[in-house]
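Everything below concerns the one structure shown next.
Where a number appears in this text, it was derived from the coordinates with a stated rule and is not lab data. Computed from a predicted structure; not experimentally measured. Positions of Cβ are backbone-derived with ideal geometry, glycine not excepted, and every protein chain shown enters the neighbour counts.
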Amino acid sequence: MWELSPRRVALALTALVLGACATPVNYYASPGPRLPRLGEAARGAVIEKLRERARASDLENLELRGPDGIQIVSLAARDGADLESLPIEALSAALWVADPELRGAEFDLVVDTEPAGSRRIVTARHDVDRRLSVTLGSPPLRLEGDTLSSEELQRRFGIGPLLDGEVAWQASERAALGAALALLSVEELAYLRFLPFRRDARATSSDHAGYYTSREPNFSGGLVVLLDRAFSDDQEIFVGTAERAYPQSVSVILHELGHAIAKLDRERLVSAFERDQAKYNQLVGVFNQYAQRVNSLYDSLARASLRERREAEREIRSLEAKYVTLGRILDQASARLDEMADMAEGPSAIEAAYGELEHARLGPTLYGRTSLEEGFAESFALHHLDPESLERFSRPIHGWFDRQSHISAARFPPLPEVTTEAEVGEPAEGP
């Protein structure tokens, strides 16, 4: 479930989370604040405060990336002459992220620029190895142009229907869903095939932006619900890279699709468990029929003729061989069902595989640190929106998603198919 708190990135929470980690790790802290346009009159004060924070954070240089290339500027120079040449929006972003409590953080900041009403994305990073960098990016993306209808989204991406719940889908909301789905791989779209989406107004908590569920009676195969909060900040909050930052709703949708991929694995496991348990019970019935038939044949030997005795003994030997074979199959099946039951109770196979990767249990964002499940969903969204940021957090996690290992991890072996009831054969009728 994706939540938005008033800023979702309070400094106090940042300090608390980082303090809990024995070794700080890089993380994605966006969404960050919108930085107002600062006039040239503020330049001196910004530089002085930036140098003060740089000393407190043990930062020596500022790396500025922009249209003209990369520039390395000293933060320790006494006269601050190099800083004087930098754009004021770069200085204000550097000042924001240079705070000692934000070591490891990365923000995508929306900065007001000239002319009035213009904005651009500025990515600011304060790495755990005490590097400070700012990237001057492009204006945030606007999801404009021809918006796909619900039916067109279904045809293009293979999803289920778009359902109107407490509120109806708007064109801008369908555009956000289309943008999120367009970022998915062929394998991911195939995995999410026929997944429906519903628009509702709000959840019990006003901070909830959306959720994935399979607990509604008409949607046992899963359903993504998107709430008003998912789209309310699309004009102010953007997530992605400095050059390509998407409105907040695209991140929310990707987060919930991450939950869907992880949980569908478990639900398909439960479905397979129920199917295979029925098959197991059927085989147990055959097993019991064999036992009853063998006992019946033994009982008949005392009164059988020589010919009937020989036929009965041959059938007993055949049934006992099948009895042993079927018993072995049932032992294997029982163990597999126990394993599947345990898997259904814990994290899904996808989440479990993810949890073994470096830093996975720390989470790539502050919200991702609340649980392994939320960490997976946040990593999934970052993989599509800002893969460089995910790699900055954990190279193994970045590579795992890049190789589509989150899809292959969902594959679980079925019950042993050593034999079937037809191959074992039905017990013969009595002599």
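Per-residue extension of 0.36 nm, minus the Cα-Cα distance of Asn218 and Thr113, leaves a gain of 32.9 nm for this segment. Each part reduced to its alpha carbon centroid, the range 152-185 and the range 30-78 end up 40 Å apart. Annotation: aspartates and glutamates with alpha-carbon distance below 18 angstrom to Lys279 (same-chain offsets under eight excluded): Asp331, Asp338, Glu339, Glu417, Glu421, Glu423, Glu426.
Charges were assigned to the Cβ only: +1 to each Lys and Arg, -1 to each Asp and Glu. The resulting dipole of the range 86-229 about its Cα centre is roughly 220 debye.
For the range 150-263, the spherically averaged projection of the C-alpha convex hull amounts to 7.2 nm². What share of the DSSP beta bridges in the range 32-136 is antiparallel, in percent to the nearest 5? Approximately 75 percent, going by the DSSP bridge assignments.
Taking the fewest neighbouring Cβ atoms within 10 Å as the starting point, the ordered list for Asp386, Asp233 is Asp233, Asp386.
Scalar couplings 3J(HN,Hα) for the range 99-111, obtained by applying the Karplus form with A = 6.51, B = -1.76, C = 1.60 to θ = phi - 60°, are 3, x, 6, 9, 4, x, 7, 10, 10, 9, 9, 8, 10 Hz; x denotes Gly and Pro.
When only the Cβ of Lys, Arg, Asp and Glu is charged (+1, +1, -1, -1), the dipole of the range 32-136 relative to its Cα centre reaches about 180 debye.
Relative to the current alpha-carbon distance between Ser300 and Phe194, full extension at 0.36 nm per residue lengthens the span by 32.3 nm.
Which loop chymotrypsin sites (Phe, Trp or Tyr not before Pro) in the range 172-247, with loop taken from DSSP, have no more than 12 other Cβ atoms within 10 angstrom of their Cβ?
Working: sites: Tyr191, Phe194, Phe197, Tyr211, Tyr212, Phe219, Phe231, Phe238; in loops: Phe194, Phe219, Phe231.
The qualifying sites are Phe194.
How big is the gap, in Å, between the Cα center of the range 207-226 and the Cα center of the range 352-399? So the separation of the two Cα centres works out to 23 Å. Here is the tail figure for the range 32-136: Cα pairs spaced more than 19 Å apart come to 37 percent of all pairs.
Rounded to the nearest 0.05, the FRET efficiency derived from the C-beta distance between Arg34 and Lys279 at R0 = 56 Å is 0.45.
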